Amino acid sequence: MAKYKNHILVCGGTGCRASQGEEIVQNLGKVIEENSLENEVQVVRTGCFGFCEKGPVVKMVPDNTFYVQVTPEDATEIVSEHLVKGRKVERLLYTDPETQERVSESKDMGFYKKQIRIALRNCGFINPENIDEYIARDGYAALGKVLTELTPEEAIKVIIDSGLRGRGGGGFPTGLKWDITRKVEAEQKYVVCNADEGDPGAFMDRSILEGDPHAVLEAMAINGYCTGASKGLIYIRAEYPLAISRLKIAINQAREYGLLGEDIFGTGFSFDVELRYGAGAFVCGEETSLIHSMEGLRGEPTVKPPFPSESGYKGMPTNVNNVETYANIPVIILEGAEWFSSIGTEKSKGTKVFALAGKVNNVGLIEVPMGTSLREVIFDIGGGIKDGKKFKAVQTGGPSGGCLTEKHLDIPIDYDNLLACGSMMGSGGMIVMDEDDCMVSVAKFYLDFTVEESCGKCAPCRIGNKRLYEMLDKLTEGKGTEEDLTLLRNLSNVIKDTSLCGLGQTSPNPVLSTMENFADEYEAHVRHGKCPAGQCKSLMQYVIEAEKCIGCTLCSRVCPVDAITGDKKEPHLISQETCIKCGACYEKCKFGAISIQ
Amino acid sequence: MSKVKSLADLRKLRDELQTKVSLREKSDHPDKLVQVKVSMATCGIASGAKEVMNHMIEEMDRQAIDAIVTQTGCMGYCYAEPTIEVTLPNSAPVVFGHVDNKKANEIIEKYIIRGELVDGIIPVNYETVKENKNE
């Protein structure tokens, strides 16, 4: 059995490949053969290491030496020094920017620590349908500890001291919420898990429920003990069938083991969890709407106060927390408040899970400490922008959030910083946009979503958002005026100030933040009737440049509406009346003769 | 399985399970048992993880490879679904991305049987809280 003694891993991520990663692989192969090492050393291409800033990166296995910014010419030295003589190539090692020391093992390098998994600790590690695997990873030990060693007040103090804030987006201190619910006296209290994840592009909660359902159940039981509730309800959207099925399995297993039900751990504490299904209305992520929906009423918000902590489900004190918030709880109980609060920034502790999506190479689910910069998330972990295009904006916080730009890239991500920039943490969707995205269209997209999802109870949200959408539509059609820009801003502020619930109070954010950060783009639409990104179809046209066109007829053949005419070997012409701006000709032309104007 | 009646029960159960998990690695054939985890969240399944999982079970069964194939949740590498993690005896786990049936065959043939690495490894670039604690 031929087994290689050494492996050289070369990053094959898009970023590293663009900077000659492939040549490195080939050169290494050549040099290895020259040294007759081909039976001992194997060169392997890998996925992205998440360290694109210092790419291309090469890792030597088994000794785990990590070389950065490697060029194809370095192949000879890596083979002759590292493999043949067993000496590390010092000059290619990573230099720690703080200590100025050379670091050889990836484990000691900063980038390796960019992601810390707390909420996602078991996702992708255990079998979610097997409670034994969860217990083997210290599952339900936190519940045991709380029930047998701590009073509810002491347990809540741990959560307060940890600095954990609601991960659903609002960022309210979790421990404080629990304490409020605890202090209200009532015959029956409820613990609710908000799994009504609705932001476009966000899937953190689904992944946690699908990958580690017991963590949420355990945390809800802990919450029940702390607040004095014996019943837990998970409000989950029916569009998440797999999460529902895994939750059901988990609930049954926990009941079978006696970890849910009567007299848990022989302490006399009883707690059980049931599921409630949502029909996928965005507004039901708002806690008062969610509670009404669970009661069988219309999913409409009511004015707060009274807060659910005082009067919630069936008029009883109800503690509502988000899935990710719960997923953090067992670890905080086991590891302690001090440990948790050592991670993150001054006012935002711990980590945050983000669903990284859009025009980024490594679309994925990531968990980073609070305070990580957008640049690290997008360019290191995310591997940069697709197809080598230019970064334009990143949308955080979904329809309630805003678009951040180049100038915000180095700001540490936490609740307060994002708010100060005109966006918000939200539940953790992060959509990356490149130079081809039109910011007016992006704002319109989110408004379209809000108009669709507004419950219609209050006028500012129901009517105001519709009017906002119409104005944005007018802009993208090239019919906007200067006055519309003023109106947009004024109406946005009115909607924010007068809407009943969080949905309306935040829905103009995408408009306001894009107007603030991309004022020039709005002006281009209004004053010059142009869409700089070339996205607004009414404001652009495809034109054939006669000098470049050789008359190959390819464009006229791919045109689905026969808008292109011209004789063979003669310059062609696009009829603007017939053209539907599908771009097929633009993509097919081999001579770059078709341009967007 | 009897009910967990006290915290002591839970601790005992955990310890038993932990040995079971390590037992599973050692099993009856300590130097042969292979562990494969398939990332099976909605997104993984949508990209074909179920087919790959079934294919690997059948294929390794056919070749009489002593292996345990289990499902797990999202590993976070959405850009490279379906993803699987293979742990050979006495080795660190290795994650492979973009695994279709063809890639699965390659992984079985080269990595699982011969111990050679295969293109398409995804380097793990995070630490989890438990590892953190053990450091």
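Calculate the dipole size of the stretch A:502-597 relative to its Cα centre from +1 charges on Lys and Arg beta carbons and -1 charges on Asp and Glu beta carbons; express the result in debye to the nearest 20.
Dipole about the Cα centre, nearest 20: 340 debye.
Quick check for me: using +1 on Lys/Arg Cβ and -1 on Asp/Glu Cβ, what's the dipole size of the stretch A:439-527 about its Cα centre, in debye to the nearest 20? Present the calculation step by step, with values, prior to reporting the outcome.
Working: 10 positive and 14 negative charges, 73 e Å.
Once rounded to the nearest 20, the dipole reads 360 debye.
Kirkwood Rh, the stretch A:439-527, all Cα pairs: how many Å?
Kirkwood hydrodynamic radius for the stretch A:439-527: 12.6 Å.
Once a ≥ b ≥ c are taken as the square roots of the eigenvalues of the Cα gyration tensor of the stretch A:491-560, is the result rounded (a/c under 1.5), prolate (a/b larger than b/c) or oblate (a/b not larger than b/c)?
prolate
Given R₀ = 51 Å, FRET efficiency for A:Leu297-A:Leu409 by Cβ-Cβ distance, to 0.05?
In this case the efficiency is close to 0.70.
Taking the mean number of other Cβ atoms within 10 Å as a proxy for protection, how do you rank A:415-423, A:285-293, A:373-381 from highest to lowest? Let's see the in-between values first.
Numbers: A:415-423: 18.4, A:285-293: 25.8, A:373-381: 22.0.
Peptide ranking by packing, descending: A:285-293, A:373-381, A:415-423.
Which value in nm describes the separation of the simple spin-label points at A:Ser245 and A:Asn493, placed 7 Å from the Cα toward the beta carbon?
Taking the two extended label points, one gets 5.3 nm.
Which of the listed residues, A:Ser454, A:Asn64, A:Leu334, is farthest toward the dipole's positive end in chain A, when Lys, Arg count +1 and Asp, Glu count -1 at the beta-carbon?
The residue sitting most towards the positive pole is A:Ser454.
With a 10 Å radius around each residue's Cβ, average the other Cβ atoms per peptide and rank A:272-278, A:242-248, highest first.
A:242-248, A:272-278
Sequence gap at least 6, Cα distance under 8 Å: using those rules, report the relative contact order of the stretch A:160-271 to the nearest whole percent.
Numbers: 126 pairs, mean separation 27.6, N = 112.
This gives 25 percent for the stretch A:160-271.
Test of understanding: what is the full-extension gain from A:Lys389 to A:Glu23, defined as 0.36 nm times their sequence separation minus their Cα-Cα distance?
Value of the extension gain: 129.5 nm.
I need the calculated FRET efficiency for the pair A:Ala279 and A:Asp567, taking r as the beta carbon distance and R₀ as 56 Å, to the nearest 0.05.
Calculated value: 0.45.
What ranking do A:18-24, B:63-69, A:354-360, A:176-182 get when scored by the average of other Cβ atoms within 10 Å per residue, highest first? Kindly include the intermediate steps, with their values, before the conclusion.
Values: A:18-24: 18.9, B:63-69: 14.6, A:354-360: 23.4, A:176-182: 21.3.
Sorting A:18-24, B:63-69, A:354-360, A:176-182 by mean packing, highest first, produces A:354-360, A:176-182, A:18-24, B:63-69.
List the aspartates and glutamates whose alpha-carbon lies under 13 Å from that of A:Lys304, not counting same-chain residues fewer than 8 positions away?
A:Glu286, A:Glu287
How well do other chains shield peptide A:353-359, expressed as the mean number of their Cβ atoms within 10 Å of each residue Cβ?
On the way: counts 1, 0, 2, 3, 2, 0, 0.
Other-chain Cβ atoms within 10 Å of each residue's Cβ, averaged: 1.
Give the distance, in whole Å, between the Cα centre of the stretch A:57-72 and the Cα centre of the stretch A:169-215.
The two parts, judged by their Cα centres, are 43 Å apart.
To the nearest 0.05, how large is the calculated FRET efficiency for A:Ser230 and A:Thr486 if R₀ is 60 Å and r is the Cβ-Cβ distance?
Using R0 = 60 Å, I get an efficiency of 0.60.
Relative contact order for the stretch A:439-527 using alpha-carbon pairs under 8 Å, separation at least 6, rounded to a whole percent?
With pairs under 8 Å counted, the relative contact order is 38 percent.
Quantify how strongly other chains surround peptide A:138-144 by giving the mean number of their Cβ atoms within 10 Å of each of its Cβ atoms. Working shown, then result.
Working: counts 6, 3, 5, 4, 0, 2, 8.
That works out to 4 on average.
What is the Rg over Rh value, at two decimals, for the stretch B:31-134, using alpha-carbon atoms and the Kirkwood definition of Rh? It would help to have the intermediate numbers written out before the result.
On the way: Rg = 13.2 Å, Rh = 13.8 Å.
When Rh is taken as the Kirkwood radius, the ratio is 0.95.
Is there a quick way to get the dipole size of chain A? I mean about its Cα centre, with the Cβ of Lys and Arg at +1 and of Asp and Glu at -1; what is the value in debye to the nearest 20?
Value, rounded to 20: 720 debye.
Please work out the Cα center distance from the stretch A:1-46 to the stretch A:532-558, rounded to the nearest Å.
44 Å
Hey, any idea what Rg/Rh is for the stretch A:541-596, computing Rh the Kirkwood way over Cα pairs?
The Rg/Rh ratio comes out at 0.89.
Specify the inter-centroid distance of the stretch A:238-311 and the stretch A:447-503, based on alpha-carbon positions, in whole Å.
Here the answer is 33 Å between Cα centres.
Within chain A, what percent of beta bridges assigned by DSSP are antiparallel, to the nearest 5?
Bridges in chain A are about 55 percent antiparallel.
Under 5 Å between amide hydrogens, which residues at least 5 positions from A:Val192 or on another chain qualify, with H placed 1.01 Å from N in the peptide plane?
A:Leu233, A:Asn319, A:Val320, A:Asn321
Rg and Dmax of the stretch A:1-109 over Cα atoms: what are they, in angstrom?
Computed over the Cα atoms of the stretch A:1-109, radius of gyration and Dmax are 13.2, 46 Å.
From the residues A:Phe282, A:Ala393, A:Phe265, which one has its Cα farthest along the dipole of the protein assembly as shown in the positive direction, the dipole being from +1 and -1 charges on Cβ of Lys/Arg and Asp/Glu about the Cα centre?
Among A:Phe282, A:Ala393, A:Phe265, the one farthest towards the positive end of the dipole of the protein assembly as shown is A:Phe282.
Pairs A:Lys349/A:Lys386; A:Lys231/B:Lys12; A:Lys568/A:Lys590; A:Lys444/A:Lys466; A:Lys145/B:Lys5: which are spaced more than 20 Å apart, C-alpha to C-alpha?
In this structure, A:Lys349/A:Lys386; A:Lys231/B:Lys12 exceed 20 Å between Cα atoms.
From the Cα gyration tensor of the protein assembly as shown, with a ≥ b ≥ c the square roots of its eigenvalues, which class applies: rounded if a/c is under 1.5, or else prolate if a/b is larger than b/c, or else oblate?
It comes out oblate by the Cα gyration axes.
With N set to the number of residues, divide the alpha-carbon radius of gyration of the stretch A:191-286 by 2.2 N^0.38 Å and report two decimals.
1.08
Counting alpha carbon pairs within less than 8 Å and at least 6 residues apart, what relative contact order, in whole percent, applies to chain A?
Rounded, it is 11 percent for chain A.
Would you mind calculating the gained length between A:Ser341 and A:Asp520 on full extension (0.36 nm times residue separation, minus the Cα-Cα distance), in nm to one decimal?
That works out to 60.3 nm of additional length.
Just so you know, all these numbers are worked out from the coordinates, no wet-lab data involved. The model shown is predicted, which means the values in this text are computed figures rather than measured ones. As a convention, Cβ positions derive from the backbone with ideal geometry for all residues, glycine included, and neighbour counts pool all protein chains shown.
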